[in-house]
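Here is the structure we will look at, set down as structure tokens.
The values are calculated or read from the model by the stated rules, or taken from the named source; none is laboratory data. Small disclaimer: the values here were computed from a predicted structure and weren't measured. Glycine gets a Cβ as well: all are built from the backbone with ideal geometry, and neighbour counts include every protein chain shown. SASA here: full protein model, heavy atoms, side chains in, ligands and nucleic acids out. Shrake-Rupley method; radii C 1.70, N 1.55, O 1.52, S 1.80 Å.
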Amino acid sequence: MSASSRRPLIAGNWKLHNTVAESVELARAVLHRTPRDAAVDVLVAPVFTALYAVHEAIGDGSVRLAAQDCHFEDRGAFTGEVGPALLKDVGCTFVILGHSERRHVFGELDEAVRRKVAAVLSHGLTPIVCVGEKLEEREADRTEAVVLGQLDAALEGLDAESARGCVIAYEPVWAIGTGRTASPEDAEAVHRAIRARLGERFDGPTAESVRILYGGSVKPANAAALLAQPDIDGALVGGASLDAESFAEIVQAAIA
Ligand code: 13P
């Protein structure tokens, strides 16, 4: 882990998996394996329908609760949506925003991500802002342009204090659910570019304090090498977070 004062964060994105009962069982298993007062933050992001029950099961202890998305309005004629106030009401403290599946499967645009980030911050919740390039963009040498463009758009209008309330997650689209991971060096290069851009947009202390997670086929076998990079402050884990044992090994890699 980096020598910085940034506390590592390991986040489990359960995506569209698990009934309420299965979610509660998995959450309990994660809680059971998460060391108390460890030098790492741990969170899980179940489906919306399981948030309340998972919060009842884990409380406000060493495992925190995140939602996988939200709308930018709190109430009104927005059929099918859930707003940040309601997520806070069921115990969420984090919200994943702009995940590549939201962007590329559901057509979510930068402007919506920006409005969601502002809404989540206004409720005192922590947005986990996801950015990442597609394979064709990497192959065309456009990785930094795409990633920094998404970052700029998501953080547009924020002051430094608000920016310090965000977590960024770099998830190369080609590495998500594919078993292909960015090499630690390639991931670090993008993380460094993100941190540099935070420094330009805001200030040095803000850039140094914001946690930047890596996501995309993070497994127990590759977690330590990724987390050893100075600008990789944690992981956003999909598939491996559905298994409490694998997830616990990744948490351990962040402590070691
Ligand atoms: P996988 O770990 O399954 O590749 O998913 C990564 C991800 O999208 C986390 O948000």
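As a test of the definition: which semi-axes, in Å, follow for segment 66-131 when you take the square root of five times each eigenvalue of its alpha carbon gyration tensor? Largest first, please. Before the final figure, lay out each step's value.
Working: eigenvalues 59, 37, 21 Å².
Largest first, segment 66-131 gives 17, 14, 10 Å.
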- prompt: What does the charge add up to near G91, with Lys and Arg as +1, Asp and Glu as -1, over the other residues with Cβ less than 14 Å from its Cβ?
  reply: -1
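What's the carbon and sulfur percent of segment 128-252's accessible surface, probe 1.4 angstrom, rounded to a whole number? Write down the numbers at each step before the final one.
On the way: 2230 of 4710 Å².
It is 47 percent, rounded to a whole number.
Under the definition of Cα pairs under 8 Å and six or more residues apart, what whole-number percent is the relative contact order of segment 1-116?
Numbers: 165 pairs, mean separation 25.5, N = 116.
The normalised contact order for segment 1-116 reaches 22 percent.
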message: So if I take the centroid of the Cα atoms in segment 118-137 and the same for segment 43-69, what is the distance between those two points in Å?
response: 18
- prompt: Heavy-atom accessible area of Y52 with all protein chains present, probe 1.4 Å, nearest 10 Å²?
  reply: 130
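Using Cα-Cα distances under 8 Å and only pairs 6 or more residues apart, what relative contact order does segment 191-256 have, in percent?
Over segment 191-256, the number comes to 30 percent.
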- line: What helix-only [θ] at 222 nm does the chain give? Using -39500 (n - 2.57) per DSSP H run of at least 4, over all residues, to the nearest 500, the answer is -13000 deg cm²/dmol
- request: Mind running the shape call on the chain? Use the C-alpha gyration tensor, a ≥ b ≥ c as the square roots of the eigenvalues: rounded below 1.5 for a/c, prolate if a/b tops b/c, oblate otherwise.
  value: rounded
- request: Determine the share of segment 31-73's accessible area contributed by carbon and sulfur atoms, expressed in whole percent, with a 1.4 angstrom probe.
  value: 46
Selection from A225, V129, A175, by position along the positive dipole direction of the chain (Cβ): A225
statement: Among segment 115-144, those whose backbone N falls under 19 Å of a label point 7 Å along Cα→Cβ from E81 are 115-130
message: Can you list residues from other chains, or at least 5 along the same chain, whose modelled amide H is less than 5 Å from the amide H of G234?
response: L9, Y214
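Would you mind calculating the relative contact order of the chain from Cα pairs under 8 angstrom and at least 6 residues apart, reporting the percent as a whole number? Write down the numbers at each step before the final one.
Working: 527 pairs, mean separation 60.3, N = 256.
After rounding, I find 24 percent.
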message: Please give the charge dipole size of the chain, origin at the Cα centre, charges +1 on K and R Cβ atoms and -1 on D and E Cβ atoms. Round to the nearest 20 debye.
response: 360
message: If you count only protein heavy atoms with a 1.4 Å probe, what accessible area per residue comes out for the chain, rounded to a whole Å²?
response: 43
